[in-house]
Every structure is written in structure tokens, then in C-alpha cells.
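The values are calculated or read from the model by the stated rules, or taken from the named source; none is laboratory data. What you are looking at is a predicted structure, and each value in this text was computed from that prediction instead of being measured. Every residue, glycine among them, receives a Cβ derived from its backbone with ideal geometry; neighbour counts consider all protein chains shown. The protein model used for the area step is the full one, side chains on, heavy atoms only, and it has no ligands, DNA or RNA in it. Shrake-Rupley method; radii C 1.70, N 1.55, O 1.52, S 1.80 Å.
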Amino acid sequence: MTPSYEKAVAKYYKTLRICHVPLVSWAQFHFNLQTKFAEIQAQWSEKEHLYTHLVEHQKVVLVTNPDLTIVYVSANIQELTGYKPSEVLGKTPKMFQGPMTLPHSRERIRKALAAQRPICETVLNYKKDGSVYACEIELYPKFTAKGVLSHYLALEKIAS
């Protein structure tokens, strides 16, 4: 290889925004993800299998407290919405709604939340870039062993 070729390749690679992450970092990230979900889930009377939802069913996992503040979101939310998890935590799922989100869809979800019952609904949501997508949402209230509402679990994916 010629020195000019090597310089050109080096110059090209410097323009790429590639972040090298050691395998240990991925393991730590994955461990932290599971740990946070496990801490939240420890309060629930019925447990969920995070791996099944994330990997086998390709769904985004989103957990809110009873006031609908997002307390946990899986990293794959960025693929679905364009938002990083850090941009979503502490906000409400209403951040994904907009003018094309149908009022009757919102009303059905609102009634299910008020009744603390599960619901599956397809809604028109908005990505970070403003584009609209049909989102299939499975929403489950999660209760403590004493029957007290502790969280809502939402499983989301692009509607087919």
C-alpha cells in the first residue's frame, strides 16, 4: 500500500463518527438495564420477562409510575421514535402525541388507565423528527402483592 492511500484511508476514518466501545461496556450497560427493570419489577405481583419482549418480540418496553411519568424505557426506543432514553425519562407518553393522534384512541386509553385494566390500542404517534407512525401499544397496569397500582407497563412496536 502506498503512503498516500493510507493517508486517504486515515482521513476518511476520521470523518466517521464511530465510537469504539469495549465489550465490557456493553456488558455493563446490559447489566444496568436489567438491574433497573428488576428494581421496578420487584414491586409487582406478576413478573415480566424483559428478554422476551425486547429480543423475541422486538418491542419497546416503557414503564411509568401511576402518575404516568416515564421511569424506565428500553434502549430500543431510539429505533422506534428517534428519542434517546435520556430524552424520554421523566416525561409522559403524551410527548409522542400530536394533531393526528386520534381523540377516540386517546379516550380509550384514558378510560383503561382510569379503570386500571389492560388495553391494546393502535395510535398515531410522532417521532422526534416530526414524522408520524402507527404504534401498537399493549398497556398493562402492574400491582403490588397487596393489589395497589405501582406502575404501568407499555409494550410498543410499529403496527403491522
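I'm checking my understanding of the structure. Among residues of region 55-72 that are within 23 Å of residue 148 (Cβ to Cβ), open to solvent by less than 90 Å² (accessible area, probe 1.4 Å) and out of contact with any His (no Cβ under 9 Å at 6 or more places or on another chain), which one is modelled with the lowest pLDDT?
Step one: of region 55-72, the residues within 23 Å of residue 148 (Cβ to Cβ) are 61-72.
After this cut, where a residue has to be open to solvent by less than 90 Å² (accessible area, probe 1.4 Å) as well, the list is 61-66, 68-72.
When the remaining residues are screened for being out of contact with any His (no Cβ under 9 Å at 6 or more places or on another chain), the result is 62, 68-70.
On the way: 62: 92, 68: 96, 69: 96, 70: 95.
Looking at residues that are within 23 Å of residue 148 (Cβ to Cβ), open to solvent by less than 90 Å² (accessible area, probe 1.4 Å) and out of contact with any His (no Cβ under 9 Å at 6 or more places or on another chain), I get 62.
Reported count of residues in region 101-121, each being out of contact with any Leu (no Cβ under 7 Å at 6 or more places or on another chain) and not in a helix (DSSP H, G or I), is 3.
Can you confirm whether region 37-54 contains a residue that is modelled with pLDDT of 90 or more, open to solvent by 50 Å² or more (accessible area, probe 1.4 Å) and more than 19 Å from residue 138 (Cα to Cα)? There is no residue in region 37-54 that is modelled with pLDDT of 90 or more, open to solvent by 50 Å² or more (accessible area, probe 1.4 Å) and more than 19 Å from residue 138 (Cα to Cα).
In a residue-by-residue description of region 126-138, the property of being touching a Ser or Thr at 6+ places or on another chain (Cβ under 7 Å) and either on the phi > 0 side of the Ramachandran plot or small (Gly, Ala, Ser) (or both) applies to at least one position. Could you tell me which residue of region 133-160 is surrounded by the fewest Cβ atoms within 10 Å (Cβ to Cβ), considering only residues that are of a type in the set (Val, Ile, Thr) and under 18 Å from residue 88 (Cβ atoms)? By that ranking, first place goes to 158.
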